[in-house]
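Chemist: Take a look at the following structure, please.
The values are calculated or read from the model by the stated rules, or taken from the named source; none is laboratory data. Please read all numbers here as calculations on a predicted model, not as lab measurements. Neighbour counts are summed over all protein chains in view; Cβ atoms, including those assigned to glycine, are modelled from backbone coordinates with ideal geometry. Each accessible area value is taken on the protein alone, full model and side chains, heavy atoms only, with ligands, DNA and RNA left out. Shrake-Rupley method; radii C 1.70, N 1.55, O 1.52, S 1.80 Å.
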Amino acid sequence: MASAIVPSLRLRPSFSVATSPSSSSSSDGDVKSRPAVILPGLGNNSGDYNKLKVTLGEYGVPAMIAAVSRPDWFRNAAGLVDPAYWRGTLRPRPVLDWYLKRIDDAVREAKELAQGQGLSLIGHSAGGWLARVYMEEFGNSDISLLLTLGTPHLPPPRGQSGVIDQTRGLLYYVEENCAKAVYTPELRYVCIAGRYIRGAPLVNNANVDVDSDVTVGIDGGEAISELAIASNKTGDSQVSSGPSLRARFVGQGYKQVCGRADVWGDGVVPEVSAHLEGALNISFDGVYHSPVGSDDQTIPWYGSPVIVKDWIHHLLE
């Protein structure tokens with residue numbers, strides 16, 4: 001069964017979650033919620049997600065974090081000796097076998113708590129598309145939910161001037177070889193994007209719109225074939241009289257991911273790239289990409305308590 005299709009839905013409600021911390025825990029201490037496995041993003045380590053693990057626990061969701069250290073990411077340098085890297089046709093294996101093994105170890109640990117229930121995978125940034133690779137290679141029979149936070153799911157457009165595929169073909173591989181997202185009761189795909197700052201081209205463009213009241217949707221006028229919902233967290237905090245130096249800098253990063261600079265994103269990943277056709281797609285205003293450099297009060301990231309309360313219900317369903 002496919003998920004409901006709502007073309008170009010443009011709503012800006014604030015989610016209200018009926019569940020409160022500890023409300024999903026039973027009085028006898030039995031685990032009622034599916035265990036969750038948190039998958040770190042590129043450059044992050046397991047410790048960056050400890051607060052998120054604690055927050056999930058307050059809602060009765062036991063969580064494991066895949067064991068990743070920052071130096072582990074240097075293992076990816078092995079791809080430099082692969083001719084496919086230079087051709088831009090790199091494949092996840094064997095370069096990322098180390099990460100897939102860390103996912104599998106955490107999944108095995110979570111299964112001991114699951115007691116026959118399914119598991120939830122929470123992939124932050126690159127951890128989201130690596131989760132899709134894991135599900136393709138290791139199977140998804142134990143996975144009931146894949147929830148991604150600021151994951152660049154889509155590869156950049158081919159052949160566009162000034163755009164270099166930073167994954168050297170990995171995202172093209174994921175798009176072409178991993179199962180498509182199909183939201184079903186058995187396996188739900190939920191993709192969350194942030195609208196923290198809108199990028200801008202390096203050169204002045206009269207058409208650049210930096211008004212934070214722009215309604216949610218995929219910039220550029222494409223029809224949205226999935227449910228897209230936004231919640232307004234910070235009001236007009238991003239309003240400015242014109243593109244700032246920061247917006248231009250961020251825009252160049254967005255361009256390398258989606259081919260455009262003048263789009264909304266979480267400061268690293270454009271909104272359009274963090275949504276996936278066939279998934280339940282959600283956008284939150286004022287949400288920053290990473291736990292590193294964030295602040296739970298003024299610069300919340302996807303795992304900040306004030307944001308988690310708006311997506312935790314997906315783990316409790």
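Chemist: Per residue, how much accessible surface does the range 256-313 expose to a 1.4 Å probe? Answer in Å², no decimals. Before the final figure, lay out the partial values.
Modeler: Values: 1580 Å² over 58 residues.
Ligands and nucleic acids excluded, the result is 27 Å² per residue.
Chemist: Can you work out ³J(HN,Hα) from phi for every residue in the range 58-67, in order, using Karplus 6.51 cos²θ - 1.76 cosθ + 1.60 and θ = phi - 60°, giving whole Hz and x for Gly and Pro?
Modeler: In residue order, the calculated couplings are 5, 9, x, 9, x, 9, 10, 10, 4, 6 Hz.
Chemist: Take each of the peptides 187-197, 52-62, average the number of other beta-carbon atoms within 10 Å over its residues, and list them starting from the highest.
Modeler: On the way: 187-197: 25.5, 52-62: 18.9.
The densest-packed peptide leads the list: 187-197, 52-62.
Chemist: Let me check against my output: what whole-number percent is the relative contact order of the range 66-146, with C-alpha pairs under 8 Å and at least 6 apart?
Modeler: Working: 54 pairs, mean separation 21.9, N = 81.
Computed over the range 66-146, the figure is 27 percent.
Chemist: Over 27 Å between C-alpha atoms is what I'm after, so list which of 53/101; 51/180; 101/309; 51/101; 51/111 land there. Intermediate results must be reported in sequence, preceding the final value.
Modeler: Details: 53/101 21 Å; 51/180 31 Å; 101/309 30 Å; 51/101 24 Å; 51/111 22 Å.
From 53/101; 51/180; 101/309; 51/101; 51/111, over 27 Å: 51/180; 101/309.
Chemist: Something else now. Starting with the highest mean, order 107-116, 65-74 by the number of other Cβ atoms within 10 Å, averaged over the residues of each peptide.
Modeler: Details: 107-116: 14.3, 65-74: 16.3.
Packing order, densest peptide first, comes out as 65-74, 107-116.
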